[in-house]
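Chemist: Quick one: the structure is below, questions incoming.
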Amino acid sequence: MKRIIAVIGIVLFMMTGCSKENGHGPSEKNLEQEELEQEEIEANIQQLHVDAKTFHMVVDWLSDEEILFVEKEESIYVLKVFNIKTEEMKTIFEESAIMTNVLVHPTKKYLLLHTSTDASAATVKMITLDGVIQNEVTIESAELEIEWNDINPLHILFTAFYEDWSFDTFFFHASNHTLQLLPVEDPFPKWFGEYQFVMSGEELGTLALYDVDTREKTLLAHEDVIQYDTFKDALLTIQEAEEEQVQYTILNSNGHITAQATMSGARDEFESTPSNIEWIAENQLLFFHSKNSHDELGVAAPNHLMMLDGNGVEVISENTENSTMLCSPTGESCLTGVYLEEILHMKDQEESTWLIYEELVQ
């Protein structure tokens with residue numbers, strides 16, 4: 001009987017050893033596989049080398065492989081597209097006026113070029129990806145804020161700031177080239193749907209809705225709103241919840257909640273530091289979050305890159321620089337970094353450098 005028990009014990013010991021060995025083997029293989037996949041990703045990302053003296057700005061994605069940027073060639077601003085997979089480069093448009101900003105419509109069919117020849121006016125041109133001008137409007141202003149409708153590219157809001165920092169807000173309908181002055185007291189309205197936009201209400205922490213068709217203004221049932229943002233038919237509100245907590249809520253145009261989460265954070269933190277928010281879809285967005293705690297040396301806690309959707313909130317990365325983030329149409333890759341020179345691959349949270357400033361590396 002003892003011999004039988006001994007044999008069983010030896011067999012069990014061998015099985016346990018094999019189990020541990022087998023358990024260790026796949027993990028090493030998984031690590032090797034992940035490293036190979038990352039090397040493959042980086043190998044597939046082609047780098048664009050630019051002169052820091054002539055490079056003007058990174059604009060946005062045109063597709064999951066194409067990135068739009070602006071270079072200055074002598075006195076001409078050139079709008080170009082770079083393919084990070086094939087290294088193909090093409091020119092879309094050339095502009096002699098100063099190119100202050102470029103916006104890409106979510107449909108990826110039109111661009112808005114914000115240009116200027118002097119300090120007293122701005123000219124905005126709508127062009128196709130083939131570089132054909134569809135519309136053009138000039139607005140007297142010292143500074144110009146543009147809010148482009150995510151659904152209808154023909155609907156644009158302009159806020160013209162003047163030298164004394166007074167302002168006027170206009171609704172521009174590109175199809176009939178009309179510029180309508182709006183009775184708006186908030187200089188930063190945000191489209192909410194095709195014909196309505198959201199703005200701050202008269203009372204602190206409230207929101208109002210304005211309809212450009214009916215010209216009616218309605219107070220929304222929201223209180224203690226610290227920040228808000230919109231995308232197509234979706235509205236994000238960041239509101240005070242319990243002490244040292246805030247609530248993120250995404251609602252559709254019918255007022256139904258499609259995503260919601262409560263996070264730690266104080267009101268004054270959000271008021272002093274606007275959130276960097278990147279929408280992936282109408283019920284899904286990325287944002288940065290930090291408890292703003294410090295260690296013994298006074299070093300701030302790292303930011304967490306979070307995703308909010310119908311399943312709640314999820315930590316995507318625990319140590320990410322809080323900066324502007326521009327995601328590709330599918331949301332698989334995002335431009336990050338001070339100069340948007342890095343590509344963050346959302347699947348494995350690895351980064352690849354796609355933009356090299358030659359002057360900065362010498």
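Chemist: So which of LEU179, LEU129, LEU154 ends up being closer than 30 Å to ASP233 by Cα, open to solvent by 10 Å² or more (accessible area, probe 1.4 Å) and in contact with a Ser or Thr (Cβ under 7 Å, 6 or more places away or on another chain)?
Modeler: LEU154
Residues checked against (1) over 15 Å from SER333 (Cα atoms); (2) assigned to a strand (DSSP E or B); (3) touching a helix residue (DSSP H, G or I) at 6+ places or on another chain (Cβ under 8 Å); (4) open to solvent by less than 10 Å² (accessible area, probe 1.4 Å):
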| residue | (1), (2), (3), (4) |
| --- | --- |
| LYS53 | yes, no, yes, no |
| MET57 | yes, yes, no, no |
| SER63 | no, no, no, no |
| VAL78 | yes, yes, no, yes |
| THR86 | yes, no, no, no |
| LYS90 | yes, yes, no, no |
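Chemist: Of all residues in segment 231-253, which are open to solvent by 10 Å² or more (accessible area, probe 1.4 Å) and part of a strand (DSSP E or B)?
Modeler: Kept after step one, since they are open to solvent by 10 Å² or more (accessible area, probe 1.4 Å), are these residues of segment 231-253: 231-233, 239-245, 247, 251-253.
Across segment 231-253, the qualifying residues are PHE231, GLN239, GLU240, GLN245, GLN247, LEU251.
Chemist: What are the pairs, 6+ residues apart or on separate chains, where a residue within segment 102-126 that is surrounded by fewer than 17 Cβ atoms within 10 Å (Cβ to Cβ) and of a type in the set (Val, Ile, Thr) has its Cβ under 7 Å from a residue that is at pLDDT 95 or above and not in a strand (DSSP E or B)?
Modeler: Going by the 7 Å Cβ cut-off, the qualifying pairs are THR107/PRO153; THR117/ALA97.
Chemist: Of all residues in segment 314-344, how many are more than 15 Å from GLU278 (Cβ to Cβ) and out of contact with any His (no Cβ under 6 Å at 6 or more places or on another chain)?
Modeler: Let us first name the residues in segment 314-344 that are more than 15 Å from GLU278 (Cβ to Cβ), namely 315, 318-319, 338-339, 341.
Keeping just the survivors that are out of contact with any His (no Cβ under 6 Å at 6 or more places or on another chain) gives 319, 338-339, 341.
Residues meeting the conditions: 4.
Chemist: Hey, another quick one. Restricting attention to segment 200-228, report how many residues are open to solvent by less than 30 Å² (accessible area, probe 1.4 Å) and under 20 Å from PHE171 (Cα atoms).
Modeler: 7
Chemist: Counting residues that are closer than 21 Å to ILE250 by Cα and in contact (Cβ under 8 Å) with a residue 12 or more places away in the chain, which strands (runs of 3 or more DSSP E) fully inside segment 180-223 reach at least 3?
Modeler: Counting at least 3 such residues, we get 196-200, 207-211.
The values are calculated or read from the model by the stated rules, or taken from the named source; none is laboratory data. These numbers were taken from a predicted model, which means no experiment stands behind them. Cβ coordinates were reconstructed from backbone atoms using ideal geometry, including for glycine residues, and neighbour counts include every protein chain displayed. Remember, those area values only see protein heavy atoms, side chains included, never the ligands or the DNA or RNA. Shrake-Rupley method; radii C 1.70, N 1.55, O 1.52, S 1.80 Å.
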